[in-house]
Structures are given as structure tokens and as C-alpha cells.
Ligand SMILES: NC(=O)c1ccc[n+]([C@@H]2O[C@H](COP(=O)([O-])OP(=O)(O)OC[C@H]3O[C@@H](n4cnc5c(N)ncnc54)[C@H](O)[C@@H]3O)[C@@H](O)[C@H]2O)c1
């Protein structure tokens, strides 16, 4: 048992497992609960396996070995046990609003005043999860990016009633586990990551729909162009460096940028025959039966990128 506090994980799927590994890497005692206790046992085996592999290939996080990290992670079979004395509980159950609201109703009856309830939700606003709760001021969203072990961004999203100490403490816990948190000042649909991602997807859809580029070439624009910079700089600092600072960038390019944007189309509904056109082109490169192989390649590439970024800090 480590001297650090207890972290609870609710839901032992892909994201629950990643959070468990991140918390254990900095010596938290991690307790995992799932409605289906078999899933907890499976998750523990998968975590053990992954941590041992990462220790062998030198990508394990933290400064204690895999065996010690595994020993910090325990499974429990009731909601009471996962919540009891926890300083922070990360909810990772499926993205179904009614399911989450039902769980938050049960949590509301047992939760202590010092426990933070944080949701991994990608799409639901924290106010929608917590509005009916007596303890709604203890609920926040900490949205990870898949795979969280290698992609460190976490979006911290409070509702209007989330207490400020909850926001600050959540951020400091995310920093402690060496993720890269950003804190939204208030909840907005899509948070920040998906608002930016959807703006990009809208334009990709239109470029293919208008016959300007095929699917492979649209992806090349990002993976061999913008994405190369964005992995290090982000779009705003990119503009700062592409002129003599951001002010000069706007002086040089504001008119042409605004002019190009006049040609942007309304957001598509992502339906109709183009879905098949795009899917066929993607499938011809990566057939559905090869998705897992490609995901492994993605995770290995992200591991190398995150190592490069660590050593490349300016
Ligand atoms: N998978 C991703 O790429 C990703 C990325 C960021 C955020 N998220 C979010 O993380 C959350 C979890 O996603 P996931 O992919 O790990 O889901 P998953 O379906 O892999 O796992 C969910 C787990 O929750 C368990 N569960 C279901 N109902 C429960 C309940 N009432 N109490 C306790 N356990 C319960 C299930 O048995 C399952 O083991 C979702 O909100 C999702 O939107 C997912």
C-alpha cells in the first residue's frame, strides 16, 4: 500500500485501464470497479501484460517498476468500495447518457464531500451528467485522448456549479500523472478538441465531395504537412513563426485568409453516398480486419513521437 491517496476507476474498459496505469505510475493506490466483475479481472490481466511489455521495451512511465505498479492496482466488486475514502474517482463507463446519469444518481447517495467525481466523457456536458445530483458541485469532466498513455492531453471541463477547488485539484492531479491538461473556463459542446477536430473534418469532407482531392491526399495534407508542425507547435504558434510574430501574420494574411474562408461551406451532415466513397478508399488502404494491426502501428509511432517530444523540449 502506497502512502499516496486512493484513486477510484469506474468502468474497466480501454479508457479505465489507461487511467489505472497512469495513476499507478506515480504511486497512487488504484481501485477499479465494473458492473461486471469478470471485466475487472480481465482488465487487471491486460494491465499486467501491457506494463510488463512496456518495461521490457523501455516505454514504462514513472520511476517504479512494472511489478510495483501492478501491485498498486486492485479490483473491487461494489460501488461503495470504489468510492470509500477516494480522493478522486474517474468514471469510464460507456458513452450512453442514461447509463451515466443512472450511475451518478447512485454515486450521489454514497459520495463523501472530499471526493472528486470526474468523467471521461467525450461528448456529454458535465452539467447534463450532474444536474439532478445533490453533490453536483463535486462533478467535473477530465476528457482524455486515445490512447491516453501516449497522447497526454486532458480537457478539464467544469459545469457552472463545479467548485473551483475541484477544478484546481483535478488539474494538479493531471499534472502529477504527467498528462497535459487544459482547463476550459466553461462547458461548451465538443469541448475544445472536438470543436477543432470537427472544423477540420468538415473541410476534409467538402474537399472530397467537391472532387478536389481523394481521401489519401486529404490525409497526406495533415500527416505530411500541417500535422508535422502541429505535433510540436499548435496552429497559433505556427502562425507566429510563419511571419514576424502573430501581429505581422495578421497584417500580411488577414485579407487572404478571410477571402478563402468566404468559400467555406455549411457543416455537412456526414451522410449520403459520400460516406461509402470515403469508406471504400479508407478500406482499400486498411481493410477492417487489419484495423487492430494499424492501431498497434499508430500506438508504436505515438510512443516514439512522445519520446522525441520529451527530449526535444525547447
Ligand atoms: N475509447 C476512446 O477512444 C475514448 C477516448 C476518450 C474518452 N472516452 C470515453 O471514455 C468512456 C469509456 O470508454 P471506453 O472506450 O473505455 O468504454 P468501454 O465500453 O471499453 O468500457 C466501459 C466499461 O464500463 C463497464 N460498465 C458499464 N456500465 C457500468 C456501470 N454502470 N458501472 C460500472 N461499470 C460499468 C463495462 O462493463 C465496460 O467494462 C466513455 O465515456 C468514452 O466516451 C473514450
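The values are calculated or read from the model by the stated rules, or taken from the named source; none is laboratory data. Everything quoted here is computed from the prediction, not taken from an experiment. With ideal geometry, Cβ positions are generated from the backbone for all residues, glycine too; neighbour counts draw on all protein chains shown.
Is at least one residue of region 214-221 closer than 26 Å to residue 141 by Cβ and not in a loop (DSSP other than H, G, I, E, B)? Scanning region 214-221 turns up no residue that is closer than 26 Å to residue 141 by Cβ and not in a loop (DSSP other than H, G, I, E, B).
Comparison of 167, 157 shows that the only residue that is within 19 Å of the chain's Cα centre (by Cα), in a helix (DSSP H, G or I) and surrounded by 13 or more Cβ atoms within 10 Å (Cβ to Cβ) is 167.
Specify the residue that is nearest to residue 90 (Cα to Cα); the eligible residues are those in region 1-29 that are over 19 Å from the mean Cα position of the chain (by Cα) and crowded, with 20+ Cβ neighbours inside 10 Å. In this case the residue turns out to be 6. Look at (1) at negative phi; (2) surrounded by 15 or more Cβ atoms within 10 Å (Cβ to Cβ) and you find that residue 191 fails only one, number (1).
Scanning region 98-148 for residues that are in contact (Cβ under 8 Å) with a residue 60 or more places away in the chain, within 7 Å of the ligand (Cβ to nearest atom) and either within 20 Å of the chain's Cα centre (by Cα) or not assigned by TED's automatic domain parsing to the domain that holds residue 35 (or both) yields 120, 122, 123, 144, 146. Is at least one residue of region 61-83 within 25 Å of residue 167 (Cα to Cα), part of a helix (DSSP H, G or I), near the ligand (Cβ under 10 Å from one of its atoms) and in the same structural domain as residue 152 (by TED's automatic domain parsing)? Taking every residue of region 61-83 in turn, at least one turns out to be within 25 Å of residue 167 (Cα to Cα), part of a helix (DSSP H, G or I), near the ligand (Cβ under 10 Å from one of its atoms) and in the same structural domain as residue 152 (by TED's automatic domain parsing). Considering region 111-137, the residues that are out of contact with any helix residue (DSSP H, G or I) (no Cβ under 6 Å at 6 or more places or on another chain) and assigned to a helix (DSSP H, G or I) include one that is surrounded by the fewest Cβ atoms within 10 Å (Cβ to Cβ), namely 128. Output the residues belonging to region 5-49 that are in a helix (DSSP H, G or I) and in contact (Cβ under 8 Å) with a residue 40 or more places away in the chain. Residues satisfying the conditions are 14, 15, 16, 18, 19, 20, 21, 22, 23, 24, 25, 37.
Just so you know, in region 84-96 the residues that are outside any strand (DSSP E or B) and within 23 Å of the chain's Cα centre (by Cα) include one that is nearest to residue 167 (Cα to Cα), and it is 92.
Taking region 84-97 as the range and being buried (at least 16 other Cβ atoms within 10 Å of the Cβ) and within 13 Å of the ligand (Cβ to nearest atom) as the test, the residues that pass are 89, 90, 91, 92, 93.
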